[in-house]
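To start, the structure itself, in structure tokens.
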Amino acid sequence: MKNEQPVGRIRFMDQQRVNLDGFAVENAELGLTALRSPADPAPSLVITDGRVTELDGVPEAQFDSIDAYIARHGLDLAVAQEAMALSDLAFARLLVDPAVPRQEVVRLSGGATPAKLTRVLAMLRPPELVIAMTKLRARRTPSNQAHVTNRLDDPLLLAADAATAAAFGFREVETTVPVLGDAPSNAVACLIGAAFGADGVLIQCSVEEAMELELGMRGLTSYAETVSLYGTEQVFTDGDDTPWSKAFLTSAYASRGMKMRVSSGAGAEVLMAGAEGKSMLYLEARCVALARAIGAQGVQNGGIDGASVAAAVPGGLRELMSENVMAMMRNLESCSGNDALMSESDMRRTSRTLPIALAGSDFVFSGFGSIQRYDNMFGPSNFNAEDIDDFLAMQRDWGIDGGLRTVAPARIAELRREAAQACRAVYAHLGLADFTDEHVELAVDAAGSKDLGETDTLAVLVAAQAIRQRGLTVVDIVAALDECGYFHEAERTMAFAQVRLSGDYLQTSAIFDEQLRVLSLVTDPNDYGGPGTGYEPSPSRQREIDAIRQARGVADLRAEQAQFSVPLLAAAGPARPGQGPRDVVIGVSPAVGRDVWRCLSGLVVTDVLREMLAGLEEEGCTGRVVRFGDTVDLGRIGLAAARLAGSGIGIGLQGKGTALIHRRDLAPLANLELYSVAPSVTPELYRLLGANAARHAKGGTPDPARNPYSDEAIEARYHTTVIALMELERRRMVPGALPEELSLEGLT
């Protein structure tokens, strides 16, 4: 039997980007199950003489290292019996009940075992996860984190991009390297650049842990989140780690004044063939319990590198969001994933992110790729620079705060130039590297590293080695900025370094606002308790959210239209009825030639009129242009034009470009031909409309022109402009106004 191709509809569907994704058959044995696996243990907790002797069905004698650490350090035994006695349903309802304060959920969660929390969270439907996250995040004010990296580790581009990210409102900037040795240079470049964009932006350089800690101790970075936890002992062992080694590393960061989170998340154990048949949510529940036990400030979870693994199985996105809520239940900062591309489908990417943005999280992204996909050395994020405008519009659509704001294009250009020039000056002053004027200009204008052309990557490595070998610190960077004339940025960077020394930002879920005040669980606790409570953007913040750069009002349109005004279409007196059988009237709307000069297609109205008049002339008719000031309705304009015409045929034209042919004996809406898709009408079609009007005038039956087809969603693109155009038309409308003839001088 020969292979037959599927029908065209299926061939078309096969070409859509969602089919670039991988979808797995659920397989509990491999760990390819999201929320529930037959191998997940039943919740249990036995406490004997103040000591945990059984945890989720495992007796103490059989504890692995994860069980042992959770049993000794990860449970509040004072509340454990109460928490474990609650039914799963009763516990789940506490998460979404507005009458139950966040603190009560946190208190009970402290005594719940990983298996208990797994079963509770698996009960929540997607809208309930949104409610739970809204209530349970630690910090009242949502925030966001950016990735700032590039393929070349180019410091001038990093500085420009860090300034851009800070200006957009990201409160953390995370960088990494394709070449490990470049790390000190990347940290310095991002530190310099972010200082130009906004005050108080925390910087991380995600590299090998010893170097990361060293950079933090020098003040070049200010937080870390790459201490990885895993849900099975075998995967821990494969990485030469134990819960105790991770606890030691956590204390090393904290004792040296660095904020730190751990990283975990669904799919990691599956990818390493170490899931032991357990569900992804159960394995992550063990990680979150460990994070609480080892003293981390928060958790970066929700899939991370394994997000596409979770997304491949049924219910995977519910599992990813449940991970974030679980961290919140444990009173930890939640850095809510979204930092790995889980799909090539725009719809699936959005479905992954939108519920978290609606609920608000301590960090909506654990790395929004503020640079282009190809420059993201972590791998593409779920949203990247290609999606910033979309995310800003999404904030505006829902009236939510996702942590970002629109920045004027001129301001972005200014910041990028200042940051790149300052970075060059500091590197030259410290004897690290010399960059040309041309390199600065390329970095300022670059959309990504491909726009830089060939660069000296060895110079970056040499600079990084010098930073490390000479022991340069944030004080050296401040001094260099000051001596290079960047006094304001030097003061801001020094003030930020000083305020970090207070240690307040080591509290759970801490960020700095742009006044260098710490917002954390302690100073800015989430107080959501149902409608009318919790975080709401202030009026000034809401205006910032609403003011996307694409928004246009009537004043904007009036100014834009004025650029196309020409001294034509002057009034030439009252319009009179035509006498000749070849007389055709083109009726225009009230604002044409006054406030409206350009149609939605981009054509100037005078050019449209020229085409119509030419079409009439080609068929032996004469055209007149009459402005009707008493209506904006196209049908009535066309009908009034037909009743003035000697031939009884008229053309109606609105300023936006919609046009029709009318006849004096028809009802207002019963026109002969209509061009309704104004943005797509071409000069040739307007000329054809004039020719067809002439053919009607001569008693012929022309073949009507068809509206041009486009698969562009013209409604979304043009409706707001149409509203403003019609407002300009209405402001010129005068009830009872008599039609006026317009001069054709310059049109023919």
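The values are calculated or read from the model by the stated rules, or taken from the named source; none is laboratory data. Computed from a prediction, not measured in an experiment: that's the story for all the values here. Reconstructed Cβ throughout: ideal geometry from the backbone, glycine too, with neighbour counts over all protein chains shown.
General remarks:
- When THR473, THR457 are checked against the criterion of being in the same structural domain as ALA393 (by TED's automatic domain parsing), at pLDDT 95 or above, among the hydroxyl-bearing types (Ser, Thr, Tyr) and over 20 Å from LEU136 (Cα atoms), a single residue qualifies: THR473.
- Members of the stretch 274-305 found to be under 26 Å from the mean Cα position of the chain (by Cα) and surrounded by fewer than 24 Cβ atoms within 10 Å (Cβ to Cβ), listed by number: ASP305
- Counting the residues of the stretch 78-111 that are outside any helix (DSSP H, G or I) and touching a residue at least 12 places away in the same chain (Cβ under 8 Å) gives 6.
- Extreme residue, surrounded by the most Cβ atoms within 10 Å (Cβ to Cβ), among residues of the stretch 209-222 that are of a type outside the set (A, V, I, L, M) and touching a strand residue (DSSP E or B) at 6+ places or on another chain (Cβ under 9 Å): THR221
- On the stretch given as the stretch 327-375, residues that are surrounded by fewer than 24 Cβ atoms within 10 Å (Cβ to Cβ), of a type in the set (S, T, N, Q) and in contact with a strand residue (DSSP E or B) (Cβ under 8 Å, 6 or more places away or on another chain) total 1.
- Residue match in the stretch 179-197 (condition: in contact (Cβ under 8 Å) with a residue 40 or more places away in the chain and either out of contact with any helix residue (DSSP H, G or I) (no Cβ under 8 Å at 6 or more places or on another chain) or on the phi > 0 side of the Ramachandran plot (or both)): no
- Within the stretch 215-272, the set of residues being closer than 26 Å to LEU501 by Cα and among the aliphatic types (A, V, I, L, M) comprises LEU215, MET217, LEU220, ALA224, VAL227, ALA247, LEU249, ALA252, ALA254, MET258, MET260, VAL262.
- Restricting attention to the stretch 480-539, the residues that are small (Gly, Ala, Ser) and at positive phi total 6.
- Entry remark, the stretch 694-742: residues being farther than 22 Å from GLY620 by Cβ and at pLDDT below 80 number 15 in total.
- Qualifying residue in the stretch 82-90 (condition: within 33 Å of the chain's Cα centre (by Cα) and of a type in the set (A, V, I, L, M)): no
- Screening GLU438, GLU418, GLU454, GLU414 for residues that are assigned to a loop (DSSP other than H, G, I, E, B) and not aromatic (Phe, Trp, Tyr) leaves exactly one candidate, GLU454.
- Those residues of the stretch 512-533 which are in contact with a Pro (Cβ under 6 Å, 6 or more places away or on another chain) and surrounded by fewer than 14 Cβ atoms within 10 Å (Cβ to Cβ), in sequence order: GLY530
- Of all positions in the stretch 544-558, none carries a residue that is within 46 Å of the chain's Cα centre (by Cα), in the same structural domain as TYR675 (by TED's automatic domain parsing) and modelled with pLDDT of 95 or more.
- Pairs with Cβ under 6 Å, 6+ apart, first in the stretch 13-24 and not assigned by TED's automatic domain parsing to the domain that holds SER308, second among the hydrophobic types (A, V, I, L, M, F, W, C): GLY22/ALA312; PHE23/ALA312; ALA24/LEU32; ALA24/ALA312; ALA24/VAL313
- Within the stretch 534-565, the set of residues being among the charged types (D, E, K, R) and either in contact with a Cys (Cβ under 6 Å, 6 or more places away or on another chain) or surrounded by fewer than 16 Cβ atoms within 10 Å (Cβ to Cβ) (or both) comprises GLU536, ARG541, ARG543, ASP546, ARG549, ARG552, ASP556, GLU560.
- Of all the criteria given as (1) in contact (Cβ under 8 Å) with a residue 12 or more places away in the chain; (2) within 21 Å of SER279 (Cα to Cα), the one not satisfied by GLU54 is (1).
- Of the residues making up the stretch 460-516, those that are β-branched (Val, Ile, Thr) and within 17 Å of ALA419 (Cβ to Cβ) are VAL460, VAL474, ILE477, VAL478, THR493.
- Criterion violated by ARG405 - all others in (1) over 28 Å from SER449 (Cα atoms); (2) part of a loop (DSSP other than H, G, I, E, B); (3) of a type in the set (D, E, K, R) satisfied: (1)
- When ILE47 is tested against (1) part of a strand (DSSP E or B); (2) touching an Asp or Glu at 6+ places or on another chain (Cβ under 8 Å), only condition (2) is not met.
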